[in-house]
Amino acid sequence: MKSLAISISSLACVLLLAASAFAAPATRVSAALWANDELFDTVLTDTSFHLPPMHSTDTLYNFGMSGLMGQRSVSASAPGDRDYNGGRWSVKMVVFTDEGKAAHDPDDDGMVNFELTSEEAVLAHQTLGHIEIRDTSIYFECPLLPRKNRRGD
């Protein structure tokens, strides 16, 4: 049963980062995701869990299957926020609508021309009809860390 939980956690991290292969536990990834308009690093872990109390997780908007490449995941909270839960995530899948693809990829190359960088931006673009947000029932832990290397953003 533990290997199933590890596999689910690894899959969640892969989706989180839109990586092409499973990462080893405790692997630091630079410029992995956005929170409050700031890029953060993360450490991939093999920690997943089921049905945590809602107050013990933060929402993580995952764009791994969104229909466009280049949009990193967006966290609802970050280190320093009073309600940050240390990187315990409740994952929401975000999918670009046809209208959203036209707005975010006007040159039709399959890559976003600009990234959403905060929960407020994600929710605003949902209101505009650019994205749909779906529950996943995936819960895992991957802490956010201040950036080590700021090149290549």
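Selection of segment 54-63 for residues being of a type outside the set (S, T, N, Q) and part of a loop (DSSP other than H, G, I, E, B) yields only 63. Restricting the first member to segment 35-53 and to residues that are open to solvent by less than 60 Å² (accessible area, probe 1.4 Å) and assigned to a strand (DSSP E or B), and the second to residues that are polar (S, T, N, Q) and at pLDDT 85 or above, the beta-carbon pairs closer than 6 Å and six or more apart or on different chains are 35/75; 41/30; 44/27. Within segment 117-138, being within 24 Å of residue 51 (Cα to Cα) and part of a strand (DSSP E or B) holds for 132, 133, 134, 135, 136, 137, 138. Looking at the structure I just gave you, is residue 90 surrounded by fewer than 15 Cβ atoms within 10 Å (Cβ to Cβ), touching a strand residue (DSSP E or B) at 6+ places or on another chain (Cβ under 9 Å) and among the polar types (S, T, N, Q)? It is false that residue 90 is surrounded by fewer than 15 Cβ atoms within 10 Å (Cβ to Cβ), touching a strand residue (DSSP E or B) at 6+ places or on another chain (Cβ under 9 Å) and among the polar types (S, T, N, Q). Annotation: of all residues in segment 64-79 being assigned to a loop (DSSP other than H, G, I, E, B) and within 14 Å of residue 118 (Cβ to Cβ), the one that is most open to solvent (accessible area, probe 1.4 Å) is 72.
Just a yes or no: is a residue in segment 89-104 out of contact with any Asp or Glu (no Cβ under 8 Å at 6 or more places or on another chain) and part of a loop (DSSP other than H, G, I, E, B)? Checking segment 89-104: not a single residue is out of contact with any Asp or Glu (no Cβ under 8 Å at 6 or more places or on another chain) and part of a loop (DSSP other than H, G, I, E, B). Every condition in (1) crowded, with 16+ Cβ neighbours inside 10 Å; (2) in contact (Cβ under 8 Å) with a residue 60 or more places away in the chain; (3) not aromatic (Phe, Trp, Tyr) holds for residue 115 except the one numbered (1).
The values are calculated or read from the model by the stated rules, or taken from the named source; none is laboratory data. Since the structure is predicted, the reported quantities are computational estimates derived from the model, not experimental observations. Methodologically, a virtual Cβ is constructed for each residue, glycine included, from the backbone with ideal geometry; neighbour enumeration extends over all protein chains shown. The area values use the complete protein model at the heavy-atom level, side chains included, leaving out ligands, DNA and RNA. Shrake-Rupley method; radii C 1.70, N 1.55, O 1.52, S 1.80 Å.
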